[in-house]
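Everything below concerns the one structure shown next.
The values are calculated or read from the model by the stated rules, or taken from the named source; none is laboratory data. Predicted model only: the values in this text are computed from it and were never measured. Quick reminder, even Gly has a Cβ in these numbers, built from the backbone with ideal geometry, and neighbours come from all protein chains shown. Accessible surface is based on the protein model in full, side chains and every heavy atom, while ligands, DNA and RNA are left aside. Shrake-Rupley method; radii C 1.70, N 1.55, O 1.52, S 1.80 Å.
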Amino acid sequence: MIVSSTWCETQTKFIPQVAFYTLLGLLVVLGLALNTDPASAVRPFVTDDARIVYQGQLETESYTGITVSKGQKPGFNIRSLQGISLTDRFELIAGGMGLEYHDQQITVDDLVFQPKYVLHRSFGAIPSVSVAAALLVPLSGNRQQWNSYTIAHVSWFLFTPEGSPDPYDNGLAIHLNLGTKSQYDAGPGGRYTSKLYWAAGFEAVTFTREVRFLGEIFNGDPFTFSEEFPAYQTGFRWYKTPNVQVDLVWREVGDGSRATGIEIAPGWNYTIQVGLRVLFDVFR
């Protein structure tokens, strides 16, 4: 759905600022309060890793940010994804509640449905391998355009401390993604378009194991079909516990068409995001 500026001129005047700072406060409070046990490359970072959460765990990934582009008003986004591991190799993400606010319009993000399966689990020089496929159901904008993607993930989990109870508490993790992202336009005659998707990222321990440095480059976000290379993100992760992490991320997209789902001007787009990931032992 799209809510026009006429309908919400007064009501939404301060929505972006309130939403951003409210969620930022919630992220900090939850990160400090929750102490619930591993973690992976997770939104707002784009590059996925070849692993899933432990069987019976429920995960939530929430993030918010502000996007700016030269000569344009800033755009704001807030989103949350939910997933659960049904077996020790199969995870299902179903959700994606999210809103975008830009140029006095509020739009609803696509609904994400993504199964993921771990083909090989390994630590050290031999990589882990997993595959995922997703369907993104349009809830606003052009509802005739249905996006999807299929991606293989290869990860090296290196330098785990001796005696650590968490095998994914790594000094260095490297991730490679390769696949396709596609769009089906259900308009007259129908049209199916597909293009290459790739991503590469890493996560490394800094001066303390609780603070991690992350970086990645990718051929556009798989959630956004029109976004393409060059795109990169970098930032820090506070690894409070294996079940609670907070991210601070800087993102640049040179495609000039979209950034985090927000339509903005050509040229480089800059986004600052804050993310929170929490795992719950629901069925363990």
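Points to keep in mind about this one:
- Looking across segment 180-199, the residues that are of a type in the set (Ser, Thr, Tyr) and over 19 Å from the mean Cα position of the chain (by Cα) come down to Tyr184, Tyr192, Thr193, Ser194.
- Applying a threshold of 8 Å to beta carbon distances and a minimum spacing of six or more residues, or different chains, the list of pairs starting in segment 78-103 at a residue that is farther than 14 Å from Pro115 by Cβ and at pLDDT 95 or above and ending at one that is surrounded by fewer than 19 Cβ atoms within 10 Å (Cβ to Cβ) and among the basic types (Lys, Arg) is empty.
- Enumeration of residues in segment 85-112 that are among the hydrophobic types (A, V, I, L, M, F, W, C), in a strand (DSSP E or B) and open to solvent by 40 Å² or more (accessible area, probe 1.4 Å): Phe90, Leu92, Ala94, Met97, Leu99, Leu111
- Taken over segment 52-75, the criterion of being assigned to a loop (DSSP other than H, G, I, E, B) and either buried (at least 24 other Cβ atoms within 10 Å of the Cβ) or touching a Gly at 6+ places or on another chain (Cβ under 8 Å) (or both) is satisfied by Ile52, Val53, Lys70.
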